[in-house]
Amino acid sequence: MSRHVLQPRADRPDVAEATIGWDRPLATFFVQAFAPQVDGEDHIIEWCGSEPGELPTPEAAIAIATAFAIVPDELAATLHADRAATSDHVDSPWQTRLKRRLFGD
């Protein structure tokens, strides 16, 4: 799994932090945007890529992230490399069981 913190856009004062990355067990890229903390609690504005294969390409994730954060030019290449770095990894037996329980066969 990778996770990169992005700088929120200046025109989005409602965004305190945005992240993007690759989730190998779910085989999806993901994007998260968080509002400023209230009472010490994180509040999620957006979370895409929490279902298996939901965001299959870096470009799909970046398209969402641009609404919340400044996206560096090299980010797509970085995310492709993140996925490639885990291409030979396989799920452990407990990951397989959990995914079946959560998402079915």
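Any read-out appearing in this document is the output of simple, stated calculations on the displayed coordinates, not a laboratory observation. These figures come from a predicted structure and were not determined experimentally. In this analysis, Cβ positions are derived from the backbone assuming ideal geometry, glycine residues included, and neighbour counts consider all displayed protein chains.
Sort out for me the Cα centre separation of the range 73-98 from the range 1-49, rounded to whole Å.
18
Rank by packing, highest mean first: peptides 72-85, 39-52, with packing defined as the count of other Cβ atoms within 10 Å averaged across residues. Walk me through the intermediate numbers first.
Numbers: 72-85: 14.1, 39-52: 12.4.
Answer by packing, highest mean first, reads 72-85, 39-52.
When you count, for each residue, the other Cβ atoms within 10 Å and take the mean per peptide, how do 2-14, 56-68 rank with the highest first? Let's see the in-between values first.
Values: 2-14: 13.8, 56-68: 18.0.
My ranking of the peptides, most packed first, is 56-68, 2-14.
Would you work out the relative contact order for the chain, in percent, from Cα pairs under 8 angstrom that are 6 or more residues apart?
Values: 167 pairs, mean separation 25.0, N = 105.
Averaging sequence separation for qualifying contacts and normalising by length gives 24 percent for the chain.
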